Amino acid sequence: QVQLVESGGGLVQPGGSLRLSCAASGSISSINNMGWYRQAPGKEREWVATITSGGSTNYADSVKGRFIISRDNAKNTVYLQTNSLKHEDTAVYYCNALVRVSVTWVWREYWGQGTQVTVSS
């Protein structure tokens with residue numbers, strides 16, 4: 001089994017920053033893409049950013065230039081540095097990973113439990 005555990009959320013003032021982390025553990029052979037999504041109250045979950053195993057990144061237009069996604073392959077961890085936060089960034093942030101599970105060698109998508117980010121003055 002594979003688990004993804006996020007951390008780093010919290011309450012921050014507009015213009016502030018937070019660094020989110022997501023660590024994958026368990027029966028992991030390898031990890032392909034890792035990413036972040038978010039879901040605001042009353043809205044559907046939306047994609048925020050993705051990073052490939054080789055380090056290539058893509059961002060949603062709403063966060064481009066403000067958020068930075070990175071990963072540490074040795075630690076099976078993905079990060080999201082969120083800067084210049086706005087009220088509309090308030091949401092539960094979820095990490096996502098495409099994992100090749102040990103023994104079975106099957107590729108499966110996993111999600112974390114989410115971490116709350118609240119931007120408020």
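The values are calculated or read from the model by the stated rules, or taken from the named source; none is laboratory data. This structure is a prediction, so every number in the text was calculated from the model and none was measured. Reconstructed Cβ throughout: ideal geometry from the backbone, glycine too, with neighbour counts over all protein chains shown. With ligands, DNA and RNA removed, areas are computed over all heavy atoms of the protein, side chains included. Shrake-Rupley method; radii C 1.70, N 1.55, O 1.52, S 1.80 Å.
Run the paramagnetic zone check for Glu46: 7 angstrom along Cα to Cβ, then residues of the stretch 89-121 with backbone nitrogen under 19 Å.
Inside the label zone: 89-96, 114-120.
Can you list the aspartates and glutamates whose alpha carbon is less than 19 Å from that of Lys43, not counting same-chain residues fewer than 8 positions off?
Cα-Cα hits under 19 Å: Asp61, Glu88, Asp89.
Estimate the FRET efficiency between Arg19 and Val103 by the formula 1/(1 + (r/R0)^6), using the beta-carbon distance for r and 35 Å for R0, to the nearest 0.05.
Computed FRET efficiency for Arg19 and Val103: 0.55.
Is the chain rounded, prolate or oblate when judged by the Cα gyration tensor, a ≥ b ≥ c being the square roots of its eigenvalues, rounded requiring a/c under 1.5 and prolate requiring a/b larger than b/c?
Prolate, since a/c reaches 1.5 and a/b exceeds b/c.
Please list Thr90, Thr104 in order of solvent-accessible area, largest first, computed with a 1.4 Å probe with all protein chains present.
Solvent-accessible surface, decreasing: Thr104, Thr90.
Return the lysines within reach of Lys64: Cα separation strictly under 19 angstrom, same-chain partners fewer than 8 residues apart disregarded; answer none if there are no such residues.
Lys86
Which ³J(HN,Hα) values, rounded to whole Hz and listed in residue order, are derived for the stretch 59-72 from phi using the Karplus coefficients 6.51, -1.76 and 1.60 in 6.51 cos²θ - 1.76 cosθ + 1.60 with θ = phi - 60°, glycine and proline given as x?
10, 5, 4, 5, 10, 4, x, 10, 10, 10, 9, 8, 8, 10
Carbon-plus-sulfur fraction of the accessible area of the chain, 1.4 Å probe, in percent?
Using a 1.4 Å probe with all protein chains present, the chain comes out at 48 percent carbon and sulfur.
How large is the accessible surface per residue of the stretch 68-121, computed with a 1.4 Å probe and reported in Å² as a whole number?
Roughly 52 Å² per residue, with all protein chains present.
Go ahead and collect, in residue order, the members of the stretch 1-16 whose backbone nitrogen is under 16 Å from a label point 7 Å along the Cα-Cβ direction of Lys75.
Flagged as within label range: 4-9.
Grab the beta carbon distance between Gln3 and Ser121, set R0 = 35 Å, and tell me the FRET efficiency rounded to 0.05.
For R0 = 35 Å, the calculated efficiency reads 0.50.
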